[in-house]
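Trainee: If you scroll down you'll find the structure; I have some questions about it.
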Amino acid sequence: MQAALTAQFRVIGALILRETRATFGTSQIGYLWAIITPAASTAVLVAIFSVAGRHPPFGPSLALFFALGTFTLEFFTKLGNSLMVVFEANKALLSYPPIKEPDVLFARATLIAATYALIMGIFFSCLTILDLAEPPAFPAAVMEAFAATGLLGLGYGATNAILITVFDSWRHIEKVLSRPLMFISGVFYVPSYMPPQVVAWIEWNPVLHCIEWMRSGYYSNYDSYVLHRGYLLTVAVCLIFFGLAGERLTRSRRTRS
Amino acid sequence: MIDLVDISKAYSIKGVRKTILDRLTFSFPRDKNVALLGPNGAGKSTLMRLIAGAEQPDNGRIIRHGRISWPLGFSGGFNGSMTGIENIRFVARVYGEDTEAIVDYVREFSELGKSLNLPIKTYSSGMKARLAFGMSMATKFDCYLIDEITAVGDEKFKKKSQAVFREKLPHSRIVMISHAMDQIREFCDCGLLLSPQGVWYFDQIEKLVDAYQQLMRRS
């Protein structure tokens, strides 16, 4: 049992190194860009809103408020999209028998999580240094929120990967369905300030809870009555279960050459 | 070493269903080298991929003892944008080997020289095959699965490969697919004949070769 686990960690480690190399190219600049691009796009968004004279919906800093929302949403979306195609992208690798499909899934998810942890760490450190934001009030809660978002993204991505195995058009349908996430996840507003009729609808969206959790951890006084951690974790665990069980059931369908 | 228990495998592509293996049960003899012979499309490579674990049977179980190689001769697992060395390191890590020792061995064996520092997509198919073969010889397995590997490279490289291969024989078993009967006779002790009519086991290599040649003449 222990030997099997060691072997699996070894395989996942090798895959992470390979993914890093394949995703970011030869140069160290490649990885740097992977960090700069999302940070820059958030910075542009913040700049536009600042020039437009918008007040931060919560707290003193517009940059901090948007960054918490956009990075959390982006982390989730990145997992969902990139894991969706993970099996087809790594099909050739499965000819090495020690490598099984869950390994390529976990390896890619780990790399994405590490990249986003770094992006967010650097971005929020910069905000703090530039005196645009305070450091997080409850760092442990921020990490929990990050982990919960990662789990939800892993489950969603794995489920997507299974769905496109059985129904290829899902990759297009998913794009359409996930488009409104930017608006229904509370990136631009505080869900607790919304009318109850609206909340009754948007609170079904698990990504909204990721962002709420993140803000509750970052701000010292973000009292969200919308946030329901149990709901988010239940959805995440169900999706992970569905994704992994589905992977096992559809494996022979995918491995045929 | 390898036990196949009641395995079936069928493909259905665009609604056409093709049965490759139908409830095959077979135990590979522990101390013998086994040939897989049969006409094209009889399922030799599929059987090999099943043994390796690169593919799942539709039904049945495959029980493996010891470390079994990936199907050699296969170079599809290379990442084209990664260099030869990076690809070698990846496989070495997957199998828990000492990466630098493996890189040294493959460098020596494959004679690819500086090309090892270039991306795989710049390689010719012969170079790729040399890299793939070098990699599999560098890794120690209890059983090597060989799919037409020795057809690779020029005369000199072929000789070299077969020499390395003979060194492995005292400690490791092989399962081999080949259309070259002299190779089959040299390396294998017994074998399976796969045909659309079914699968037969021959415990003498000459009888297997005879049966295979008869089958090929008839068709």
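Trainee: Divide by every residue of chain A the summed helix terms, -39500 (n - 2.57) for each DSSP H run of at least 4, and state the resulting mean residue ellipticity at 222 nm, rounded to the nearest 500 deg cm²/dmol.
Mentor: -25000 deg cm²/dmol
Trainee: Oh, and also: Just from its helices, what would the mean residue ellipticity at 222 nm be for chain B, if runs of 4 or more DSSP H residues each count -39500 (n - 2.57) and the sum is divided by every residue, rounded to the nearest 500 deg cm²/dmol?
Mentor: Theoretical 222 nm ellipticity from helices: -11500 deg cm²/dmol.
Trainee: So between A:ILE29 and A:LEU181, what do we pick up on full extension, going 0.36 nm a residue minus the alpha carbon distance?
Mentor: The A:ILE29-A:LEU181 span can extend by a further 51.6 nm.
Trainee: Show which aspartates and glutamates lie in cross-link reach of B:LYS207 when reach means a straight Cα distance below 17 angstrom and same-chain residues fewer than eight apart are skipped.
Mentor: Those aspartates and glutamates meeting the cut-off are B:ASP182, B:GLU186, B:ASP189.
Trainee: Sort the following peptides by mean Cβ neighbour count (other Cβ atoms within 10 Å, averaged over residues), highest first: A:221-233, A:77-89.
Mentor: The packing order, highest mean first, is A:77-89, A:221-233.
Trainee: Okay, moving on. Obtain the nm distance between the two label points defined at A:MET194 and B:ASP154 by a simple spin-label model: each point lies 7 Å from its Cα along the Cα-to-C-beta direction.
Mentor: 7.0
Trainee: Please turn the phi angles of segment B:111-128 into ³J(HN,Hα) values with the Karplus equation 6.51 cos²θ - 1.76 cosθ + 1.60 (θ = phi - 60°), one per residue in order, whole Hz, x for glycine and proline.
Mentor: 6, 8, x, 5, 4, 4, 8, 9, x, 4, 5, 8, 7, 7, 5, x, 5, 4
Trainee: Using r as the Cβ-Cβ distance of B:ASP210 and B:LEU169, and R0 as 25 Å, what FRET efficiency do you calculate, to the nearest 0.05?
Mentor: Between B:ASP210 and B:LEU169 the formula returns 0.55.
Trainee: For peptide B:77-90, what's the mean number of Cβ atoms from other chains within 10 Å of each residue's Cβ?
Mentor: Average neighbour count from other chains, rounded to a whole number: 3.
Trainee: Additional query: Please compute the average number of Cβ atoms from other chains found within 10 Å of each residue's Cβ in peptide A:10-21.
Mentor: Shielding by partners across A:10-21 averages 4.
Trainee: Express the relative contact order of chain A as a whole percentage, based on alpha carbon pairs under 8 Å and six or more residues apart in sequence.
Mentor: Computed value for chain A: 25 percent relative contact order.
Trainee: Considering every pair of different Cα atoms, what Kirkwood radius, in Å, is found for segment A:176-229?
Mentor: Taking every pair of different Cα atoms in segment A:176-229, averaging 1/r and inverting gives 11.3 Å.
Trainee: At a Förster distance of 45 Å, what's the computed FRET efficiency of A:PHE241 paired with B:ASP3, Cβ-Cβ distance as r, to 0.05?
Mentor: E(calc), rounded to 0.05, equals 0.90.
Trainee: Would you check segment B:31-141 for Lys pairs whose C-alpha atoms are within less than 21 Å, ignoring same-chain pairs closer than 8 in sequence, and give me the count?
Mentor: Within segment B:31-141, the lysine pair count is 4.
Trainee: Given 5 Å bins starting at zero, what is the percent of C-alpha pairs of segment A:2-256 in each, up to the one with the largest pair distance?
Mentor: Bins of 5 Å from zero give 1, 6, 12, 16, 18, 16, 13, 9, 5, 3, 1, 0 percent of pairs.
Trainee: Under Stokes-Einstein, with the Kirkwood radius over Cα pairs standing in for Rh, what whole-number D in µm²/s applies to segment B:89-203 at 20 °C and 1.002 mPa s?
Mentor: 137
Trainee: Quick one: grab the alpha carbon gyration tensor of the protein assembly as shown, order the square roots of its eigenvalues as a ≥ b ≥ c, and give me rounded if a/c is under 1.5, else prolate or oblate depending on whether a/b is larger than b/c.
Mentor: prolate
Trainee: Roughly speaking, what is the stretch gain from A:ASN221 to A:ARG248, that is 0.36 nm per residue apart minus the C-alpha to C-alpha distance, in nm to one decimal?
Mentor: Going from the current span to full extension adds 5.3 nm.
Trainee: Eigenvalues of the Cα gyration tensor times 5, then square-rooted: what semi-axes does that give for chain B, in whole angstrom, largest first?
Mentor: They are 30, 20, 17 Å, listed largest first.
Where a number appears in this text, it was derived from the coordinates with a stated rule and is not lab data. Here the structure is a predicted model, which is why all the values come from computation and not from measurement. Positions of Cβ are generated from backbone atoms using ideal geometry, with glycine treated the same way; all protein chains shown enter the neighbour counts.
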